[in-house]
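Enquirer: Before I ask anything, let me first share the structure, which is written out below as structure tokens.
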Amino acid sequence: STLLVSSIVGLHQVCVAAPPPPPSFAPIVVPPSTFSADMAKTWGDASLPQGMVTFLVGDDEERVEHVSKCVLCVRSVFFRTMFGIGMKERDAAEVTVLETDLASFTAFIDYLCTDQLDLGEGEGEQARRALVLRELAQMYQVPRLELLCAQALQESVGPATAVPLLEAAHTMGDGRLLA
């Protein structure tokens, strides 16, 4: 567009460009649950590991006990690899997880075992938990949980969560959190 500007020496023509529109992102679409189909895979598959595992979480090694390896394997490619192809954890009764806190890891395991998402209480806590769960979902290759968390984060934008979400969007390189 062109703008005419008046000054002491006369009229000047100035070209003005509108700023580019912000990037648009497709809405987050969460696929239907695969929980029933995943649980059906636990029956009759001799390649799935048997037994339970206890996770030692965080620097204090707090315990998340008696989690079915079989269920973990049908819900996560990462765990299928960990417990299924001879990694050192295959026969381990305990696995250490240092990169998270007990409440978030418990919510992650609860999602894998029940398909229920627990983001905790309060607006700020829910956004923080969704961020941590999203990172866990990425790390342990649980795409539906990752999308559920991204959707929860988009819906939680408010005064208490705006700055942490901007930081997370930048850190994770995910502009959808800004949409």
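Here, each number is a calculation from the coordinates, and none is a lab measurement. Small disclaimer: the values here were computed from a predicted structure and weren't measured. Note that each Cβ is placed from the backbone with ideal geometry, even for glycine, and that neighbours are counted across all protein chains shown.
Enquirer: With a 10 Å radius around each residue's Cβ, average the other Cβ atoms per peptide and rank 39-49, 54-64, highest first. Intermediate values should be presented prior to the final figure.
Expert: Numbers: 39-49: 12.0, 54-64: 15.0.
Averaged packing, sorted descending, gives the order 54-64, 39-49.
Enquirer: Could you work out how much longer the chain between Ser47 and Glu65 gets when fully extended? Use 0.36 nm per residue separation minus the Cα distance between them, nm to one decimal.
Expert: Net length gain for the segment: 4.2 nm.
Enquirer: Hey, another quick one. Beta carbons within 10 angstrom, averaged per residue: use that to sort the peptides 129-138, 106-115, 93-102, highest first. Let's see the in-between values first.
Expert: On the way: 129-138: 22.6, 106-115: 18.5, 93-102: 14.1.
Highest-to-lowest ranking by the protection proxy: 129-138, 106-115, 93-102.
Enquirer: Using modelled backbone amide H atoms (1.01 Å from N, in-plane), which distant-in-sequence or interchain residues come within less than 5 Å of Val97's amide H?
Expert: Leu56, Val57, Gly58
Enquirer: Using per-residue counts of other Cβ atoms within 10 Å, averaged over each peptide, order 139-147, 30-38 from highest down. Before the final figure, lay out each step's value.
Expert: Working: 139-147: 18.4, 30-38: 12.0.
Listed from highest to lowest mean packing, they are 139-147, 30-38.
Enquirer: At 7 Å along Cα-to-Cβ for each site, give me the label-to-label distance between Met39 and Ala93 in nm.
Expert: Between Met39 and Ala93, the label points sit 2.9 nm apart.
Enquirer: Now for a separate question. Is the shape of the stretch 38-96 rounded, prolate or oblate, going by the alpha carbon gyration tensor and its root eigenvalues a ≥ b ≥ c, with a/c under 1.5 for rounded and a/b larger than b/c for prolate?
Expert: prolate
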